[in-house]
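In what follows, a single structure is set out as structure tokens and then discussed.
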Amino acid sequence: MDWWSLVSATFLLLLALVVACFLLYCAYIKYIHLKYDHIPGPPRDSFIMGHYPTILKLLKNNELVYDYFLDWEVKYGPVVRINGFHSVAIIVSSPEAIKELLMSTKHSKDKFYEQIFKVFGVRFMGNGLLTDRNYDHWHKQRRIMDPAFSRPYLMGLMGTFNEKAEELMEQLNEIADKKSEVNMHTLLNRMTLDVIAKVAFDMDLNALHDDQTPFPRAILMAMKGLVEMRNPLVYFMPSKKKMIQEVRDSIHLLRKTGKECIERRQKMVQDGVEVPTDILTQILRGAALEDDYDIEIMIDNFVTFFIAGQETTANQLAFAVQELSRHPKILQKVQAEVDEVIGSRRDIEYDDLGKLQYLSQVLKETLRLYPPAPGTSRLLEDDILVEGVLIPKGTPVVVNTYVTGRMEQFFHDPLIFDPDRFSRDSPKPYFTYFPFSLGPRSCIGQVFAQMEAKVVMAKLLQRFEFQLVEGHTFKIQDTGTLRPMDGTRCHLRVREKQ
């Protein structure tokens, strides 16, 4: 056989192998279709890609995929199938199913959380408290962290909450009554970053006053990486190369900062210096209790709390300002409550927070319409039956509080901002409202977050009137968490007390 014939035969053999592999893959996709096509769902865009073309189009156009999930749940029922190549995910909005999935430890977190372990090849949140799928290991971490979120410790944070919020008020006071607009989301992001850095890690970032600090941008890009990784073709797109590198650099910065912070605290402990009972101390105590607990897992938890402790609270506050700006009667009512409880006092005390009942309702209603962390997912350990639809074992199931919070069957006129839904006399939502998740794996920091949000919001309402700039949209941007796309741009003026 001559050389050319050998090359031709090799090529034909390789081509045959490729065709055979492709046909086998198609057969596997067909098997998946047969296994799951009894579950309702929108028509697939293509046999192989499933619903991916629709999702990729939404990402490209900066549209919110959860709005489509909501439409599909309304159209196809409480159990909806989504295909992507050979994978299937099921979205459920049945309260009983949500109860079973979230309140039990039976079903582990979905493999999606393994994607947060690394982003673009760089370790991100690793096996921290948010992402750890092993229940026993997670539970050990959670018990270790609990003292840093106990009531006595949280009460001791009121001084820092007041101090950092007051710095924001002073900066806003310099801008108020002028024609220049304020990007409230940017300032709130920087202030909440200063808070979590101080109370969790004893770091003085001064992000509110330092425009050059890289951390707000680093957090934004790290979270953006999570969204971009939803596109399986992102690695092959030349236009994304610069973005991918910035995401990697951002994560490197966050983890490097965490390592330095941990090492400083370790030295303080070794030198016998008294340290606070903060999150960082609890991370070190967790390390001391496990022989194989390495520095990387400690950094995982640093990054988890560093990001989660500021991102979601800032987004919630920005959405609250946005909604109060377009609902004058609600704004007047909550301002009247703040005036009655706080008066002209500079510092807000822990006991004041429980008296700000209507403000609590405003913040809860904000989370119903705009949950910064919209959902979670579980991997089924057994077959389950949801309202007559069988979902097979081993299937990832998504529950989404953005979706259930906007469904007419659960909330009357769901797109209307109405804090009275959460008054003491109103019925509590039955497993359809879970902005901090529910059950054993609910967010450990939810009380911390709402205390901080109340302090900041009370001071804003005490001091200022705010009006959204002309042309402001109410679009939502998904950057790993949900945030106002326009940044909540306002004009401020100092309140005239009656």
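The values are calculated or read from the model by the stated rules, or taken from the named source; none is laboratory data. Bear in mind that the values here come from a model prediction, so they are computed numbers and not experimental data. Reconstructed Cβ throughout: ideal geometry from the backbone, glycine too, with neighbour counts over all protein chains shown.
Data table
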| read-out | value |
| --- | --- |
| Verdict on residue 441 being of a type outside the set (Gly, Ala, Ser), at pLDDT below 95, farther than 26 Å from residue 62 by Cα and buried (at least 19 other Cβ atoms within 10 Å of the Cβ) | yes |
| Residues located in segment 11-64, provided they are of a type in the set (A, V, I, L, M, F, W, C), closer than 24 Å to residue 77 by Cα and exposed (fewer than 15 other Cβ atoms within 10 Å of the Cβ) | 34, 47 |
| Elements of type helices (runs of 4 or more DSSP H) in segment 1-106, at least 1 residues being more than 30 Å from residue 383 (Cα to Cα) | 3-36, 52-60 |
| Within segment 446-498, considering residues that are without any contact (Cβ under 8 Å) to a residue 24 or more places away in the chain and acidic (Asp, Glu), the one farthest from residue 176 (Cα to Cα) | 486 |
| So residue 240, is it assigned to a helix (DSSP H, G or I), surrounded by fewer than 16 Cβ atoms within 10 Å (Cβ to Cβ) and over 21 Å from the mean Cα position of the chain (by Cα) | no |
| Selection within segment 32-48 - out of contact with any Cys (no Cβ under 8 Å at 6 or more places or on another chain) and farther than 8 Å from residue 83 by Cβ | 34, 35, 37, 38, 39, 40, 42, 43, 45, 46 |
| In segment 134-179, the residues that are charged (D, E, K, R) and in contact with a Ser or Thr (Cβ under 9 Å, 6 or more places away or on another chain) | 164 |
| Residue in segment 400-411 that is surrounded by 15 or more Cβ atoms within 10 Å (Cβ to Cβ), of a type in the set (A, V, I, L, M) and farther than 23 Å from residue 220 by Cβ present | yes |
| Residue within segment 439-451 that is of a type in the set (Phe, Trp, Tyr) and in a loop (DSSP other than H, G, I, E, B) present | no |
| Test for residue 334: is it of a type in the set (Val, Ile, Thr), within 19 Å of residue 314 (Cα to Cα) and assigned to a helix (DSSP H, G or I) | no |
| Residue pairs meeting the criteria (Cβ under 6 Å; at least 6 apart or on separate chains; first farther than 8 Å from residue 184 by Cβ, in segment 313-325; second aromatic (Phe, Trp, Tyr) and outside any helix (DSSP H, G or I)) | 319/370; 323/417; 325/466 |
| Selected residue [more than 22 Å from the chain's Cα centre (by Cα) and either closer than 17 Å to residue 147 by Cβ or hydrophobic (A, V, I, L, M, F, W, C) (or both)] from 284, 254 | 284 |
| Answer from 346, 378 - the residue that is touching a strand residue (DSSP E or B) at 6+ places or on another chain (Cβ under 8 Å), of a type in the set (Lys, Arg) and either surrounded by fewer than 19 Cβ atoms within 10 Å (Cβ to Cβ) or not in a helix (DSSP H, G or I) (or both) | 378 |
| Residue tally, condition outside any loop (DSSP other than H, G, I, E, B) and under 24 Å from residue 456 (Cβ atoms), over segment 129-144 | 0 |
| Filter result for the condition that a residue is surrounded by fewer than 16 Cβ atoms within 10 Å (Cβ to Cβ) and either within 24 Å of residue 277 (Cβ to Cβ) or without any contact (Cβ under 8 Å) to a residue 24 or more places away in the chain (or both), over 202, 211, 194 | 211 |
